[in-house]
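Participant: This is the structure, below, for whatever I ask next.
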């Protein structure tokens, strides 16, 4: 009897071990693992900004043509972002019938600093990336986390952070997207990893002040006096200053993307002042190309606002960038998921944080976006 019991326990342990190994093998990017299937290429450098292109093996590249970006959705009118309390509810007229918008008048009040409401009326799933900025409403906001919104969705609550302290007067009922760039990595990090409104405000203020100083040092017209991060970054003087850094890298990488399309260029590892700070990886070259103009300007903004260092400082190597990209060994992992839609995995280590957005929609089950930040 005891022998049978012992055999049962051993069998159960073996099955559990096999199941765990199978799960980890099918879900790359979890704590304790290393990412394979990505290759870092020789860097492109402009001033204190260094960008390493990343190509993927075929099993890391997927068809993402069905997915809609926030810029495209808002531009087409199929995606609406507004303050909490302004979306009339969607009600079902009877079981098993489509959701039908009921023409109720807008609800007054109810706006909240850290929440907006989004409706995806399109036939495509919508990708939301942390760091995307929407302008308007009672104050500009930055999206706080990656997620996917299914097509023809109910209104969803959108977690955001204010990037325009001081204003609480409605400028427009619906928000527009800031199409010129995403929030720079230091701001994205405060929203994604720290999840602190105060830290986002502090970083926005510091970045805006540093950008004004950089523009003033270049004898360019000063940005307008505003508390809006988007207002500073979209001013003519700042855009010209950021473009001076971004455009040479953008042209080089865009050309490289076309050359490497067959090898699936899917992302970048980014270094500023000789230190690797960030990586963005996508599920396809096409998806990277959609975000690339906004991403490179966010990296260029970070390089511009970062304190300049001695140009003789050793620059990061391909080897160090590859090591940064591959090491996902963390001490803590948390998962947020909407069954059948997406899973967002956060991996925390002592010196970095990783976020993995996995699509769970039918015929998918792959990582759509991976963001890794140092610190």
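Participant: Work out the FRET efficiency for residue 317 and residue 251 from their Cβ-Cβ distance, taking R0 = 35 Å, and round it to the nearest 0.05.
Facilitator: In this case the efficiency is close to 0.90.
Participant: Can you tell me the order of 137-150, 234-247, 330-343 when each peptide is scored by its average per-residue count of other Cβ atoms within 10 angstrom, highest first?
Facilitator: So the order, starting with the most tightly packed, is 137-150, 234-247, 330-343.
We did not get these values from a lab; they are worked out from the coordinates using the rules stated. Computed from a predicted model, the values in this text were never measured in an experiment. Here the Cβ is made from the backbone with ideal geometry for all residues, glycine too, and neighbour counts use every protein chain on show.
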